[in-house]
Amino acid sequence: MATLAKPNLPRFDVEIFQNEYLADGAREVNAIVTVTATGGGTSGGRPLGVADTAPGGGDGQSAAVVILVDCSGSMDYPSSKLRGAREATAAAVDTIRDGVAFAVVAGTHEAREVFPGDGTLAVASPDTRARAKESLRRLTAAGGTAMGTWLTKADQLFLTRPDIPIRHAILLTDGNNEHESAAELERAINRATGRFTADCRGVGTDWRVDELRRISSALLGTVDIVPEPSGLAEDFRSMMAGAMGKQVADVALRIWTPANAVVRFVKQVAPSLEDLTARRSESGPRAGDYPTGSWGDESRDYHVCVEVPAAAVGNEMLAARVSLVLPPSVAGGTPEVLSQGLVKAVWTDDLASSTRISPQVAHYTGQAELAAAVREGMEAHRAGDVHRATARLGAAVRIAHATGNEGTYRLLQKVVDVVDPKEGTVRFRKNVSEADSMIIETRSTKTVRVKK
């Protein structure tokens, strides 16, 4: 484990968990990289090298947030959805700390600024929060749904404050993206990727999980369902509190490998599953950066798999060097290494050593299998293949039980009756509600931490 602490930054610790011993000729090295950030809440929260130039003062200078509220016609059916959205937005506004830049946008087939309404971001204070909540009366339901337009508006607003490094959006919808093409939404997502993060919420059951997951995944945020409008206010308050807890932006997981070694994949495996492999950007000879977004006081786990040249018994090598890095644009001109850890490979002819699986690697491999089983089971259920749905969800029950993922296990019990959790014997329930189906599909990528 290696640790580096910088002024005005959280302390980052990196721990590597692996079985470094390989059999003669073996080439695949797996490691779980645990990254923990602490102390950001007491440091003032400004990334190194970012000037405190925003008006208003206070510790909010490094953060900006835009709330995107669906105001399409369907939000009035029932009217409790729009009423709940207003209350939730007011709760979120109340949670914004002084000095944070913010705006509220009404989203339909276009995007309309509700507050401050002048094409810029307001700076949070008791006065601006009160005026923002007053403006929520102008949230009325009419028109269609074009979420790419909403993301573009958020991007435009964030661009008015290029000095602010932590940029976060909250997006609420109750329906499908029906008033722009899939290609238009994809272009908007691609433009926003790397420029701000976003948490997405669907209220009710008439929206598409895959659509919101595509947005939240690309923008390194979360996705969830709020089945009833009455639950929106607490969820928005929680999301905004999480956004206010971020202290440093644009941290990258940098992986260096020696000659002839190749990174096969990099995946976030806790607190949720996210495949970062395709998001690599080259950062020097044999090194690549994988985005991790913004950090507060928190811990995350990553699964790194590296293919190394085969070697004979007795040889050892450094398979990868894993670093947490601030890019030059955030660090003030030069990259800042926040913490570092080493992944090793040692070839042995001792069978017990080379066949031992790291408990951490085994655990998160199981969590990935669990998420896949849930996804495949729910897809089969929607397609009317009850036999396959039962088999895959039975496998999910068995894995959830074995790995101690009680949250997913309880969700599975909403759609299947469990006969034998150890064997994964289940019966599909009749009359499963659409809300329960969407809840388990939406939350299937949430994992539990390995017990160390």
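Residues that are free of Cβ contacts under 8 Å to residues at least 40 places away in the same chain and assigned to a helix (DSSP H, G or I): does region 193-206 have at least one? Can you show your working first?
Pass one, region 193-206, residues free of Cβ contacts under 8 Å to residues at least 40 places away in the same chain: 193, 200-201.
Going one step further and asking which of them are assigned to a helix (DSSP H, G or I), we end up with none.
Checked against the condition, which is being free of Cβ contacts under 8 Å to residues at least 40 places away in the same chain and assigned to a helix (DSSP H, G or I), region 193-206 yields no hits at all.
Scanning region 118-143 for residues that are of a type in the set (Gly, Ala, Ser), closer than 17 Å to ASP174 by Cβ and surrounded by 17 or more Cβ atoms within 10 Å (Cβ to Cβ) turns up ALA141, GLY143.
For beta carbons closer than 7 Å, sequence separation of 6+ or different chains, a first residue in region 145-159 that is touching a residue at least 60 places away in the same chain (Cβ under 8 Å) and closer than 13 Å to VAL114 by Cβ and a second that is buried (at least 23 other Cβ atoms within 10 Å of the Cβ) and of a type outside the set (A, V, I, L, M, F, W, C), the qualifying pairs are TRP150/GLY107.
Can you name every residue in region 402-431 that is open to solvent by less than 30 Å² (accessible area, probe 1.4 Å) and of a type in the set (Val, Ile, Thr)? Explain how you work it out, then say what you get.
Just the residues of region 402-431 that are open to solvent by less than 30 Å² (accessible area, probe 1.4 Å), to begin with: 405, 408, 411-412, 415-416, 424, 426.
Result: THR408, VAL415, VAL416, VAL426.
Here the helices (runs of 4 or more DSSP H) wholly within region 346-417 that include at least 3 residues being more than 26 Å from the chain's Cα centre (by Cα) and within 30 Å of GLU307 (Cβ to Cβ) are 351-354. Looking only at residues in region 240-256 that are open to solvent by 10 Å² or more (accessible area, probe 1.4 Å) and not small (Gly, Ala, Ser), the one that is farthest from VAL33 (Cα to Cα) is MET244.
Residues in region 144-186 that are in contact with a strand residue (DSSP E or B) (Cβ under 6 Å, 6 or more places away or on another chain) and assigned to a loop (DSSP other than H, G, I, E, B) were compared, and the one that is surrounded by the most Cβ atoms within 10 Å (Cβ to Cβ) is ASP174.
Evaluated against (1) of a type in the set (Ser, Thr, Tyr); (2) surrounded by 15 or more Cβ atoms within 10 Å (Cβ to Cβ); (3) touching a Phe, Trp or Tyr at 6+ places or on another chain (Cβ under 9 Å), SER299 falls short on exactly one condition, (3). The residues of region 209-239 that are under 19 Å from SER272 (Cβ atoms) and either open to solvent by 50 Å² or more (accessible area, probe 1.4 Å) or part of a loop (DSSP other than H, G, I, E, B) (or both), listed by number, are ASP210, ARG213, ARG214, LEU219, LEU220, GLY221, THR222, SER238. Identify, please: which residue in region 360-392 is out of contact with any Lys or Arg (no Cβ under 9 Å at 6 or more places or on another chain) and of a type in the set (Val, Ile, Thr) and is, among those, most open to solvent (accessible area, probe 1.4 Å)? Ranking the candidates gives VAL386 first.
The values are calculated or read from the model by the stated rules, or taken from the named source; none is laboratory data. Computed from a prediction, not measured in an experiment: that's the story for all the values here. Positions of Cβ are generated from backbone atoms using ideal geometry, with glycine treated the same way; all protein chains shown enter the neighbour counts. We work out accessible area using only protein heavy atoms, side chains counted, and drop any ligands, DNA or RNA first. Shrake-Rupley method; radii C 1.70, N 1.55, O 1.52, S 1.80 Å.
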